[in-house]
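Read the structure below first, then the notes.
Every number here is computed from the coordinates shown, using simple stated rules; none is lab data. No experiment lies behind these values; they were computed from the predicted model shown. Backbone-built Cβ (ideal geometry, glycine too); neighbour counts: all protein chains shown.
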Amino acid sequence: MDMPLLMTLFFSILPISELRGAIPYAVSQGMPLMQAALVAIAANASVPLIAFLFLGSLHRLLYRVAVYRRFFDSIVVRARSKVHEKVEKYGYWGLMLFVAVPLPVTGAWTGALGAWVLGLSFRKSFLAIAAGVVIAGVIVAALVALWGAGAQTIFFKAIR
């Protein structure tokens, strides 16, 4: 497996970048836009599976550790505040739209965490988050098609 493909997969499942960073990165490494978008969308759509699996098992063990508990509680407060309003008002459509906006802290990780915290159905949440990921992927791919790999500066500040 080549390095750009591996890094695209990695960036797609990383909470800080998700597909917002993965697609521009892949294109900047010479990957065709369609391939970059499909790889990033597929990997990012797997995030709810990873998140729900983790939250359902390993979380119970780690929550006993004070440092983890404080860190996790602060993330939960943020996720709950961001997702709850949208889900209350629009249901699972709200969750999908929340994830579909390709901005920092509105991706699959926050959507999955928010769905888990709110006790939403895994199946319905997964479908809503996956649909949101597809929409976000199309938006990011369109911006990359218009502005090239430099489009990532729309989503992130340049790291120097």
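Long hydrophobic helices in the chain: the complete DSSP H runs spanning 15 Å or more by Cα along their own axis with mean Kyte-Doolittle hydropathy of at least 0.5 are 3-13, 33-45, 122-147. The orientation-averaged shadow of the Cα convex hull for the chain, equal to a quarter of the hull surface, comes to 9.9 nm². Estimated at 0.36 nm per residue, the fully extended path between residue 68 and residue 81 surpasses their Cα-Cα distance by 2.7 nm. When a/c reaches 1.5 or more, the comparison of a/b and b/c decides; with that in mind, is the range 27-118 rounded, prolate or oblate per its Cα gyration tensor? Verdict is oblate for the range 27-118. Between 30, 135, 58, the Cα set farthest toward the positive side of the dipole of the range 23-139 (charges on each charged residue's Cβ, about the Cα centre) is that of 58. Normalised by the number of residues in the chain, the average gap of Cα pairs under 8 Å and 6 or more apart makes the relative contact order 30 percent. The magnitude of the dipole of the chain, with charges of +1 and -1 set on the Cβ of Lys/Arg and Asp/Glu and taken from the Cα centre, is near 540 debye.
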